[in-house]
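K.L.:
Below is one structure. I have some questions about it.
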Amino acid sequence: MLYWLYEQLSAGGHIPVLNLLKYLTFRTGMALFTAQLVVVLLGSRFIRFMQIKQGKGQPIRKEGIERHVIEKAGTPTMGGVMILAGLLVGTLLWADLSNVYIWAVLLVTAGYGTLGFLDDYAKVAKQTTEGVSGRLRLILEILIAVAAITMIILFGSNPPESPNLSTSIAFPVFKQLVVDLGWFYLAFGAFIIVGGGNGVNFTDGLDGLAIVPVMIAAAAFGLIAYLVGNYVFSQYLQLHFVPGVGEAAVYCGAMIGAGLGFLWYNAPPAKIFMGDTGSLALGGGIGAVAVATKHEIVLGLIGGLFVLETLSVMIQVAYFRMTGKRVFLMAPIHHHFEKLGWSESTVVIRFWIISMMLALLGLATLKLR
């Protein structure tokens with residue numbers, strides 16, 4: 001919104017103070033600060049409101065970690081509402097709202113956030129760990145992802161040297177390798193976005209566990225968006241230039257700020273959980289940025305922790321159905337380590353370290369050639 005105001009006012013003459021708004025780095029930093037401020041200001045009041053409305057809070061799985069039933073009982077959920085408030089305000093205030101990539105990632109964020117909210121509401125209202133039908137939720141996630149990808153394909157910009165880039169898969173390291181899928185790219189892109197949303201959802205099981213890796217991924221993809229959206233930097237690093245996608249860095253900055261604000265209240269012991277409202281929205285948003293920047297495969301490294309958490313669930317379920325036995329003591333895998341005797345804080349911090357290492361490995365592929 002402020003960027004639009006800058007364009008309107010600067011058309012009538014040179015205004016030195018407003019010139020700051022033309023710099024992507026300045027607007028990204030301000031989006032981070034704004035989002036964090038919104039979440040922190042909402043925090044205490046929102047938590048008290050949710051405690052009153054939810055009463056018993058989020059239901060805890062009785063077959064899960066025994067101490068969680070005692071320690072986490074009564075903690076309210078839907079903290080994702082706080083995160084989304086900061087993320088949306090920060091993005092809408094500082095991003096270029098004429099940019100299609102901004103609206104595509106916001107569509108996924110708001111759509112997945114709404115699905116997560118309905119799921120959280122059902123769990124709290126019925127006091128059960130079962131929310132919205134998994135099949136229905138998956139179908140709606142796919143439809144939202146397809147709608148966002150269609151926006152990018154139809155209204156996004158392709159560089160002259162790669163006219164079909166928006167429907168293609170670009171590979172890290174092998175930088176000249178591009179595979180054009182045509183409209184079949186919708187299925188691939190939807191897989192990335194849906195996988196991102198559910199990966200963060202599986203990871204969100206301990207105080208502070210999911211939000212820090214989300215911020216790490218947002219920081220990495222904010223940098224990628226900035227580089228890929230800049231012709232000079234993209235040429236130097238031999239990356240595929242995507243005109244206009246640099247604006248997604250503002251969105252990523254707002255996600256980091258909202259995450260920092262939320263961590264203030266979600267740090268152990270958590271005063272509120274993000275719930276599916278936050279985890280689906282944040283994961284889906286990161287997946288959408290990966291699609292927009294043409295770094296879908298790199299997401300597998302930068303978001304490697306989310307991949308590991310998802311794979312642990314898939315392996316556990318498949319192996320149990322085939323043999324009646326379990327590979328892990330409990331899935332997702334963070335609970336496996338708790339069962340082994342690791343304290344919650346040990347699991348969380350070590351997983352943060354793994355997430356940082358994988359993100360750095362993913363970023364390293366930008367320079368490899």
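K.L.:
When we measure straight from the Cα of LYS72, which aspartates and glutamates land under 17 angstrom away, once same-chain ones fewer than 8 places off are left out?
P.N.:
Filter leaves GLU63, ASP120, ASP204, ASP207, ASP276, GLU338, GLU344.
K.L.:
Just flag the chymotrypsin sites (Phe, Trp or Tyr not before Pro) in segment 294-369 sitting in loop per DSSP whose Cβ has no more than 10 other Cβ atoms within 10 Å.
P.N.:
none
K.L.:
Next up: Fully extended, how many nm does the chain gain between ARG45 and TYR231 (0.36 nm per residue separation, minus their Cα-Cα distance)? Numbers along the way, then the final one.
P.N.:
Working: separation 186, 0.36 × 186 = 66.96 nm, distance 4.49 nm.
So the chain would gain 62.5 nm between ARG45 and TYR231.
K.L.:
While we're on this one: If you count only protein heavy atoms and use a 1.4 Å probe, how large is the accessible surface of LEU107, to the nearest 10 Å²?
P.N.:
That residue has around 60 Å² of solvent-accessible surface.
K.L.:
LYS53: which lysines have alpha carbons under 16 Å from its alpha carbon, excluding same-chain residues fewer than 8 sequence positions away?
P.N.:
Cα-Cα hits under 16 Å: LYS123, LYS126, LYS271.
K.L.:
Here's another thing I want to ask about it. What's the FRET efficiency of PHE320 with PHE184 using the Cβ-Cβ distance as r and R₀ = 35 Å, to the nearest 0.05? Display every interim value, and only then the final one.
P.N.:
Numbers: r = 33 Å, r/R0 = 0.94.
Calculated value: 0.60.
K.L.:
Indicate the helices, whole DSSP H runs only, in the chain that combine a mean Kyte-Doolittle hydropathy of 1.0 or more with a Cα extent along their long axis of 18 angstrom or more. Can you show the working numbers first?
P.N.:
Details: long enough: 24-54 (41 Å, 0.89); 80-94 (21 Å, 2.19); 100-126 (39 Å, 0.90); 134-155 (32 Å, 2.12); 185-203 (27 Å, 1.17); 211-228 (25 Å, 2.45); 248-266 (26 Å, 1.16); 275-292 (26 Å, 1.13); 304-323 (28 Å, 1.21); 344-364 (30 Å, 1.70).
Those that clear 18 Å and a mean of 1.0 are 80-94, 134-155, 185-203, 211-228, 248-266, 275-292, 304-323, 344-364.
K.L.:
Here's something else I'd like to know. By accessible area of protein heavy atoms, probe 1.4 Å, what ranking do SER355, SER343 get, highest first?
P.N.:
SER343, SER355
K.L.:
OK, next. What residues qualify as long-range amide H neighbours of SER168, i.e. H under 5 Å apart, gap of 5 or more or another chain, H built at 1.01 Å from N?
P.N.:
LEU181
K.L.:
Still on this model: Which one, (i) 0.94; (ii) 1.00; (iii) 0.98, gives Rg/Rh (Cα atoms, Kirkwood Rh) as derived from the coordinates shown?
P.N.:
Identified label for the calculated read-out: (iii).
K.L.:
Cut-off 10 angstrom, C-alpha nodes, Gaussian network model of the chain. Which of GLY195, GLY156, GLY324 fluctuates the most?
P.N.:
Maximum fluctuation in the GNM of the chain, among the listed residues, is at GLY324.
K.L.:
Now for a separate question. In the Gaussian network model of the chain, springs joining C-alpha atoms below 10 Å, which of ALA187, ALA95, ALA248 carries the largest mean-square fluctuation?
P.N.:
Comparing ALA187, ALA95, ALA248 in the GNM, the peak value goes to ALA187.
K.L.:
Sticking with this one: Relative contact order for the chain using alpha-carbon pairs under 8 Å, separation at least 6, rounded to a whole percent? It would help to have the intermediate numbers written out before the result.
P.N.:
Values: 675 pairs, mean separation 91.9, N = 369.
About 25 percent, as a whole number.
K.L.:
Now, a different point. Let me have the 222 nm mean residue ellipticity of the chain computed from DSSP H runs of 4+ only, each contributing -39500 (n - 2.57), with the sum over all residues rounded to the nearest 500.
P.N.:
Working: 15 runs with 245 residues, N = 369.
Counting only the DSSP helices, I get -22000 deg cm²/dmol.
K.L.:
Can you tell which of PRO213, PRO332, PRO160 shows the greatest fluctuation in a Gaussian network model of the chain with Cα springs below 10 Å?
P.N.:
PRO160
K.L.:
Further question on the same structure: Any lysines with Cα under 27 Å of the LYS325 Cα? List them, leaving off those in the same chain fewer than 8 positions away.
P.N.:
LYS62, LYS339
K.L.:
Using alpha carbon centroids, what distance separates segment 305-363 and segment 224-293, in Å?
P.N.:
23
The values are calculated or read from the model by the stated rules, or taken from the named source; none is laboratory data. Since this is a predicted model, take the numbers as computed values, not measurements. Don't worry about glycine lacking a Cβ; one is built from the backbone with ideal geometry, like all the others, and counts go over all protein chains shown. Note: areas computed on protein heavy atoms with side chains; ligands, DNA, RNA excluded. Shrake-Rupley method; radii C 1.70, N 1.55, O 1.52, S 1.80 Å.
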